[in-house]
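Student: Starting off with a structure, shown below.
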Amino acid sequence: MAGTTRNGAPPRGLIMLVVQVEKKLGDAFFLKASFTSASRATALFGASGAGKTSVINMVAGLLKPDRGRIELDGEVLFDEAERIDLPAFRRRIGYVFQEGRLFPHLSVRRNLEYGRWMTGQKEDGKALSHVVEMLDIGHLLDRRPGKLSGGERQRVAVGRALLMRPRLLLLDEPLASLDVARKRDILPYLERLRDDGQVPMIYVSHNPAEVKRIASRVVSLDAGNVVATGGPELLDAAHIDMLA
Amino acid sequence: MFDLSPQDWTAVALSLRVAAVSTVVALPFGIAIALLLARGSFWGKSLLDAVVHMPLVLPPVVTGYLLLITFGRKAPLGAFLADHFGIVFSFRWTGAALACGIMAFPLMVRAIRLSVEAIDRRLEDAAATLGANSSWTFITVTLPLALPGIIAGMMLAFARALGEFGATITFVSNIPGETQTISAAIYTLIQVPGGDADALKLVVISLVICFAALLASEWLARRAMARLHGA
C-alpha cells in the first residue's frame, strides 16, 4: 500500500536510489554530487553545464565515476572502493536521451521491442499496447524513426525505455530539442507516465516550469555540486519561468 | 562476336570465382581491421594502417614476389600450410584468390572504416541501456549501420580482384584452367599473332562485369542508405 514502509524501504512502486559520486571532468570542472531519491519523480535541476547529464550517465553506467558509490534498491551498481562497476546493459535502467537516439535502421515497433528482446523477456502484448496507448504512438509502429517528428520521436523513445521494464527511468532533457508547442504536447504524456506509477523517474531539466509540473522532489545542481534538495517550491525563489 | 573459345570461357569463370572467393574470405578480416583502425587506440596503429595500405602503393609485382617467398611451396609458411593443413597456394587458383584478396584489401578496409567512423556511437550507448551487451550491440546496431560501407567495400574489392594482374601472375603464373584469369588471358592473347580479336571479346566481357558490379554496388548502397534514413 502506498505510504507504508517496510524495513525503512520506500513505499511500493518506489525504490531508493543513492548517488554519491566524484569525477574530474575537464581541467577546471570537478563534479561532486551526493543525493538520495525515493520519489516517483525526482528532478535534477540546474543550468546547462551544471553536470546533470554526467550524473545520470553515471547512474546509467555510461560514465564511470572516479570515486563514490551508486546504489539502487539496495543493489550496488558502482563502488570504487569495492571495485564494483555493473555494466550498463546489466543495470536495467531505462534512459530517454535528449535527442531520442532511436535506432534509424529499425521500425518504431522494433525499436520499442528492442529492450525486451535484449533482456530476454517474453513477448507481452498487454505491456506493449498499454505503453503504445499511453503515449499515443499506435499509428507510428510501422514507420521508421527518420520519418517521425521531434515530438513523436521522443514519445517513442520514452516507450522504448519503458518496454524493457526498467527499475528506474532516466529522462535527460527530453523536451529540450522541441519547440514550445511540441513541449506543451508532450508534457501531458510525461505526467501520465508519472501518474501511471510503474517506474520511478529521474527527470533532468534546466526548465523550472517543466520541473514543477513533473517532479515532486528537486535536486538542484550548480557547477558540479548539489546546492539544494527539497520540494518543487525550491524553484520559486530564484528562477524565471521559461515555459509559460 | 561472342563465340569464345572454351579456354576463354574458363578464364572468365575462373576470374569470377577468384574474385568472389577473395572478396568473401577477405570480408571478416576487412571488417575486423576497419573496426580496429576506426576505433582502436593502440601502439602500432599507424604501422598497421601503413601495412594494410601497402598493396595500394607497392608495384603489384613486388606484392606478388613477396607472396611467392612467403606462401610458395618452398617457403616456410607455405610449406607449413601445405604439410599441416593441405592448403597450397602456389600455382593454384587459391593462390590467385589470395593475391587478389590482398591487393583488394586496402580498398575494402577504407570503405568499411569510413562508414564505421560515421556511426553515431551514442546509439551504441542507447543499446547498452536497453540491455544489449557488446556483442549484441555490434550485431544489431554497429553492423547494420555500417552496411552501406560494407557493401561498397565488397564491391570495390570484387572489381579490384577482377582487374588484378601483376601480383597474380607473379605469384601463381598464368596456367590456363588453374590460374589464368581474364586479365592474364588477355595478356596472353595479345602476345600471340592474330589474338587481338579474341582479346577484344574478353575486354568487352570484363568491361561488362565491372560495370555491372559497380552499378549493383551503387544500387545496394543506396538501398541500404534509404533503409537507414527511414524509407
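Derivation of every value follows stated rules applied to the coordinates shown; laboratory data play no part. Because the structure is predicted, anything quoted here is derived from the model rather than measured. We place every Cβ from the backbone using ideal geometry, glycine too, and count neighbours over all the protein chains shown.
Student: Report, largest value first, the span of the C-alpha coordinates of chain B along each principal axis, in whole Å.
Tutor: Reported extents, whole Å, longest axis first: 68, 45, 30.
Student: Using only DSSP helix segments of four residues or longer, with each worth -39500 (n - 2.57), what per-residue ellipticity at 222 nm results for chain A after dividing by its residue count and rounding to 500? Write out the running numbers ahead of the final one.
Tutor: On the way: 6 runs with 68 residues, N = 244.
Taken over chain A, the calculation gives -8500 deg cm²/dmol.
Student: Around B:Asp198, with a cut-off of 13 angstrom between Cβ atoms, what is the net charge of the other residues, counting Lys and Arg +1 and Asp and Glu -1?
Tutor: Values: positive: B:Lys201; negative: B:Asp3, B:Asp8, B:Asp196.
Charge balance near B:Asp198 sits at -2.
Student: To the nearest Å, what is the center-to-center distance of region A:43-88 and region A:166-183, using C-alpha atoms only?
Tutor: 20 Å
Student: At A:Glu22 and B:Ala216, where each label point lies 7 Å from the Cα along Cα→Cβ, what is the point-to-point distance in nanometres?
Tutor: Going by the 7 Å Cα→Cβ label model, 6.2 nm.
Student: Just the Cα atoms of the protein assembly as shown, one point each, no solvent: what log10 I(q)/I(0) does Debye give at q = 0.10, 0.11, 0.14 Å⁻¹?
Tutor: The calculated log intensity ratios at q = 0.10, 0.11, 0.14 Å⁻¹ are -0.83, -0.91, -1.24.
Student: Related question: Using +1 on the beta carbon of Lys and Arg, -1 on that of Asp and Glu, and nothing else charged, what's the dipole of the protein assembly as shown about the Cα centre, debye to 20?
Tutor: Details: 51 positive and 43 negative charges, 135 e Å.
Once rounded to the nearest 20, the dipole reads 640 debye.
Student: In the neighborhood of B:Ile151, defined by Cβ-to-Cβ distances under 13 Å, what is the net charge if each Lys or Arg adds +1 and each Asp or Glu adds -1?
Tutor: On the way: positive: B:Arg222, B:Arg223, B:Arg227; negative: B:Glu218.
Taking every other residue near B:Ile151 into account, the sum is +2.
Student: Which links in A:Lys126/A:Lys147; A:Lys23/A:Lys52; A:Lys24/A:Lys64 stretch past 19 Å when you go from one Cα to the other? Each step should come with its number before you reach the end.
Tutor: Details: A:Lys126/A:Lys147 26 Å; A:Lys23/A:Lys52 13 Å; A:Lys24/A:Lys64 11 Å.
Checking Cα-Cα distances, A:Lys126/A:Lys147 exceed 19 Å.
Student: Any idea how far apart B:Val57 and A:Asp222 come out in nm if each label point goes 7 Å out from Cα toward Cβ?
Tutor: About 5.7 nm separates the two model spin labels.
Student: Moving to a separate point now. If Rh is defined by the Kirkwood formula over all Cα pairs and Rg also comes from Cα, what ratio Rg/Rh do you get for region A:17-232? Intermediate values should be presented prior to the final figure.
Tutor: Numbers: Rg = 16.9 Å, Rh = 17.6 Å.
Looking at region A:17-232, the ratio lands at 0.96.
Student: For helix B:196-228, report the angle its Cα long axis makes with the longest principal axis of the Cα atoms of chain B; keep it between 0 and 90° and round to the nearest 10°.
Tutor: 10 degrees
Student: Taking only Cα atoms, what is the 0 to 90° angle, nearest 10, from helix B:60-71's long axis to the longest principal axis of chain B?
Tutor: 80 degrees
Student: What's the angle, to the nearest 10 degrees (0 to 90), between helix B:93-117's Cα axis and the longest principal axis of chain B?
Tutor: 30 degrees
Student: Taking the Cα of A:Ala81, stepping 7 Å toward and past its beta carbon, and measuring to each backbone N in region A:42-68: which are under 12 Å?
Tutor: Under cut-off, by backbone N: A:68.
Student: Once every DSSP H run of n ≥ 4 in chain B is given -39500 (n - 2.57) and the sum is divided by its residues, what mean residue ellipticity at 222 nm do you get, rounded to the nearest 500 deg cm²/dmol?
Tutor: Working: 11 runs with 177 residues, N = 231.
Here the helix-only value at 222 nm equals -25500 deg cm²/dmol.
Student: Further question: Mind listing the Cα extents of region B:50-140 along all three principal axes, in Å, largest one first?
Tutor: Principal axes ranked by extent give 54, 32, 20 Å for the Cα atoms.
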